[in-house]
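Written out below as structure tokens is the structure these notes cover.
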Amino acid sequence: MHIMEGFLPWQWCLFWYLVALPVVAYGIIQIKKITDKHPESKPLLAVSGAFIFILSSLKLPSVTGSCSHPTGNGLGAVLFGPAVTSVLGAIVLVFQALLLAHGGLTTLGANIFSMGIVGPFAAWLVYKGVKKIGWGPSIGIFLAAVMGDWLTYVTTATQLSLAFPVPTFGEAFAKFMIVFAYTQVPLAIAEGLLTVVIFEYIMKLRPDILIKLKVIKPEKTEEIVEKMPGVA
Amino acid sequence: MVDKKPIILLCLVAIIAITPLVMYSGLGEDEGYFGGSDDAAGELIEETGYEPWFNSLWEPPSGEIESLLFALQAAIGAIIIGYVLGYYQGQAKARKREEVDEQVMSTNKISK
């Protein structure tokens with residue numbers, strides 16, 4: 001999903017910066033608010049950031065024969081919301097832009113928009129939706145992580161086709177979707193599974209924090225406690 | 001009892017990662033396989049005649065240095081997750097022990 005350094009016309013770089021910066025600023029305020037209100041959630045914030053660090057460093061092969069990496073943005077989005085995740089994503093993207101020449105400073109705004117804003121926002125919405133229907137948190141986090149990952153790449157494809165509608169937007173979009181979105185399908189599923197593993201582990205050890213963050217409802221944990229006596 | 005679910009899920013992830021390697025076994029970068037999708041998109045853009053107007057301030061000088069930095073990135077993430085979850089696990093154990101102690105204390109009092 002990284003748009004490489006210098007690979008967007010400067011007008012688009014500016015545009016995506018203007019879109020992304022207010023969200024990141026709002027995310028920083030949100031982090032302050034959440035950690036003031038629930039100081040015990042700080043370690044989970046670190047875990048969410050660390051999860052993005054790990055997953056976005058793993059370039060996995062896909063059935064289309066090319067390699068791509070997961071994003072890890074679903075966990076943070078479900079635990080802390082999309083704005084906070086945009087800050088975490090921004091940190092990772094700056095690290096990769098400066099040290100790895102992956103992505104870049106000029107395209108940082110665009111990359112934050114896809115990986116830090118659209119992906120997490122989709123994940124957060126999906127989780128809320130699943131919660132509303134009444135399905136379990138594990139299914140919710142799986143679908144949220146899959147959509148967060150996949151829509152990050154669809155966004156990148158859209159951004160590139162907007163900047164390079166050659167010959168038309170539609171044809172360019174089809175081309176970029178083949179490069180990004182098809183490759184990403186199995187990887188998104190893998191990311192969903194990994195996110196379920198870490199989420200269930202957190203839910204087993206510290207359901208109290210998840211309840212405070214309103215990620216799960218209190219009665220859900222009672223069920224888990226009943227199923228696994230001794231852990232709580 | 002060990003919870004089997006995470007192990008099964010991790011095995012599924014491994015299968016997803018290994019399948020393409022088996023499917024295209026014997027093929028490599030020279031045949032156009034297993035390249036990065038980011039680079040593929042870059043090539044598509046260059047085909048339109050666009051020239052990047054800005055270069056990275058610094059690039060890893062070789063593939064070795066690049067993999068060093070990627071490993072560093074993953075290690076930073078892994079150490080944080082391992083530390084926090086390990087801490088939580090210890091906390092959960094300590095809490096359980098306290099509960100058992102309290103129970104023992106209260107039964108002792110009753111028997112006295």
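Some notes on this structure:
Let's see how each residue does on (1) touching an Asp or Glu at 6+ places or on another chain (Cβ under 6 Å); (2) assigned to a helix (DSSP H, G or I); (3) surrounded by fewer than 21 Cβ atoms within 10 Å (Cβ to Cβ):
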{"position": "A:PHE176", "(1), (2), (3)": "no, yes, no"}
{"position": "A:PHE180", "(1), (2), (3)": "no, yes, no"}
{"position": "A:VAL185", "(1), (2), (3)": "no, yes, yes"}
{"position": "A:ALA188", "(1), (2), (3)": "yes, yes, no"}
{"position": "A:VAL196", "(1), (2), (3)": "no, yes, no"}
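- Within the range A:156-173, the set of residues being assigned to a helix (DSSP H, G or I) and out of contact with any Ser or Thr (no Cβ under 7 Å at 6 or more places or on another chain) comprises A:ALA157, A:THR158, A:LEU160, A:SER161, A:LEU162, A:ALA163, A:GLY170, A:GLU171.
- Residue identified as assigned to a loop (DSSP other than H, G, I, E, B) and either touching a residue at least 40 places away in the same chain (Cβ under 8 Å) or over 16 Å from B:ILE81 (Cβ atoms) (or both) among A:GLU5, A:GLU40: A:GLU5
- Residue in the range B:4-55 that is modelled with the lowest pLDDT, counting only those that are of a type in the set (Ser, Thr, Tyr) and in a helix (DSSP H, G or I): B:SER37
- Residue count for the range B:56-68, restricted to those that are surrounded by 17 or more Cβ atoms within 10 Å (Cβ to Cβ) and either assigned to a helix (DSSP H, G or I) or of a type outside the set (Ser, Thr, Tyr) (or both): 1
- The C-beta contact set for the range B:91-112 (first residue assigned to a helix (DSSP H, G or I), second residue of a type in the set (Gly, Ala, Ser), distance under 7 angstrom, 6+ apart or interchain) comprises B:LYS96/A:GLY230.
- Applying the criterion of being at the interface with chain A (Cβ under 7 Å from one of its Cβ atoms) and in contact with a Ser or Thr (Cβ under 9 Å, 6 or more places away or on another chain) to the residues of the range B:20-35, the residue that is surrounded by the fewest Cβ atoms within 10 Å (Cβ to Cβ) is B:GLY35.
- Members of the range A:33-51 found to be more than 7 Å from chain B (Cβ to nearest Cβ) and out of contact with any Lys or Arg (no Cβ under 6 Å at 6 or more places or on another chain), listed by number: A:LYS33, A:ILE34, A:ASP36, A:LYS37, A:PRO39, A:GLU40, A:SER41, A:LYS42, A:LEU44, A:LEU45, A:SER48, A:GLY49
- Among the residues making up the range B:68-112, those that are polar (S, T, N, Q) and closer than 23 Å to A:ILE209 by Cβ are B:GLN89, B:GLN91.
- Answer residue from the range A:121-138, given it is under 12 Å from A:VAL78 (Cβ atoms) and hydrophobic (A, V, I, L, M, F, W, C) and is surrounded by the fewest Cβ atoms within 10 Å (Cβ to Cβ) among those: A:LEU125
- Residues that are among the hydrophobic types (A, V, I, L, M, F, W, C) and within 26 Å of A:SER48 (Cβ to Cβ) were ranked within the range B:92-107; the one that is surrounded by the fewest Cβ atoms within 10 Å (Cβ to Cβ) is B:ALA94.
- Candidate set: the range B:79-91, residues that are crowded, with 16+ Cβ neighbours inside 10 Å and of a type outside the set (Val, Ile, Thr); chosen: the one nearest to the chain's Cα centre (by Cα): B:LEU85
- Among the helices (runs of 4 or more DSSP H) confined to the range A:52-128, the ones with at least 3 residues that are within 28 Å of B:ILE15 (Cβ to Cβ) and away from chain B (no Cβ under 11 Å) are located at A:73-80.
- Only listed residue being over 29 Å from A:SER161 (Cβ atoms), at the interface with another protein chain (Cβ under 9 Å from one of its Cβ atoms) and modelled with pLDDT of 90 or more, chosen from B:GLY77, B:GLY90: B:GLY77
- Residue in the range A:69-87 that is more than 25 Å from A:ILE139 (Cα to Cα) and of a type outside the set (Lys, Arg) present: yes
- One residue stands out among those in the range A:131-171 that are of a type in the set (D, E, K, R) and within 13 Å of chain B (Cβ to nearest Cβ): the one that is nearest to the chain's Cα centre (by Cα), which is A:ASP149.
The values are calculated or read from the model by the stated rules, or taken from the named source; none is laboratory data. Everything numeric here is computed off the predicted structure, so don't read it as measured data. Here the Cβ is made from the backbone with ideal geometry for all residues, glycine too, and neighbour counts use every protein chain on show.
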